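The values are calculated or read from the model by the stated rules, or taken from the named source; none is laboratory data. What you see is a predicted model, and the numbers here were worked out from it, not measured in a lab. Please note: Cβ atoms are built from the backbone with ideal geometry, for glycine as well, and neighbour counts cover all protein chains shown. Note: areas computed on protein heavy atoms with side chains; ligands, DNA, RNA excluded. Shrake-Rupley method; radii C 1.70, N 1.55, O 1.52, S 1.80 Å.
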Amino acid sequence: MRLPGVTLTAVRGAFWLLVLPFRGFLHLMSKILHSAISKKQLIKIKQVFLLTIFSLFLGLTILIYLFFKSLPPIDNLTHRNYPMTTKILDRKGRLLYKIYKNQSRTLVKLKDLPDFVKETTIAIEDKGFYRHFGISPRGILRAFLENKKEGATVQGGSTITQQLVKNALLSQERTVDRKIKEIVLAIEINQKFT
């Protein structure tokens, strides 16, 4: 996967920023284990250890920044043009044909849906919809354990919010990266719109 605005050089730089101090620290530790420790060596150990911790923190910060930079803005939810079904009517307003490519879609406002449709959808798809924060850790864990036991994907643990993120902002690919993005965006959407 290619992140927008991220070069291979930047990724390599972040990688070596994490790895080099750690390698130096391991080398120094092996030398120390084979000889007596002087005060100078102890100071050197502290310096290398602090440099390693700082480098890990800096590298992790860069990786987190790059990850969040690659997320699509949640404002795309309210400003998105969904492909709609074209309806051809006769002169009296009766439907003659529906034309669509992959999905037949007609825009319906939430207020126009009967309450029982909303309540039934929530009961079937996400019974904890009003109680969770965009994701259901229990649902994700349950699905993970069940799928692991069966050796295949037999259950999903996504909330309605996660399904919205997957279908409207992300892709259908089944990767850990997409799942993490889905979780982060679902939490952000839940905070913004509730």
Among the listed pairs LYS118/LYS181; LYS109/LYS179; LYS69/LYS166; LYS101/LYS179; LYS166/LYS192, give every one whose C-alpha distance is greater than 20 Å. LYS118/LYS181; LYS109/LYS179; LYS101/LYS179
A chain fully extended from GLU173 to GLN191 at 0.36 nm per residue, minus the present Cα-Cα distance, gains in nm 4.0 nm
Packing rank of 182-189, 86-93, 133-140, 67-74, where each peptide gets the mean count of other beta carbons within 10 Å, highest leading: 182-189, 133-140, 67-74, 86-93
Can you give the local net charge around LEU71? Use residues other than it whose beta-carbon is closer than 9 angstrom to its beta-carbon, Lys and Arg +1, Asp and Glu -1. +1
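Once a ≥ b ≥ c are taken as the square roots of the eigenvalues of the Cα gyration tensor of segment 33-139, is the result rounded (a/c under 1.5), prolate (a/b larger than b/c) or oblate (a/b not larger than b/c)?
Prolate is the answer for segment 33-139, as a/c is 1.5 or above and a/b outweighs b/c.
Keeping every protein chain present and rolling a 1.4 Å probe, give me the accessible area per residue for segment 106-194 in Å².
71 Å²
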Distance (nanometres) between label positions extended 7 Å along Cα→Cβ at ILE180 and THR106: 4.3 nm
Answer with one residue from PHE49, THR86, ALA123: the one whose Cα lies farthest towards the positive end of the charge dipole of segment 43-144, charges on Cβ with Lys, Arg +1 and Asp, Glu -1. THR86
Given the Cα-Cα distance of TYR97 and ILE124 and 0.36 nm per residue of separation, how much length would full extension add, in nm? 6.5 nm
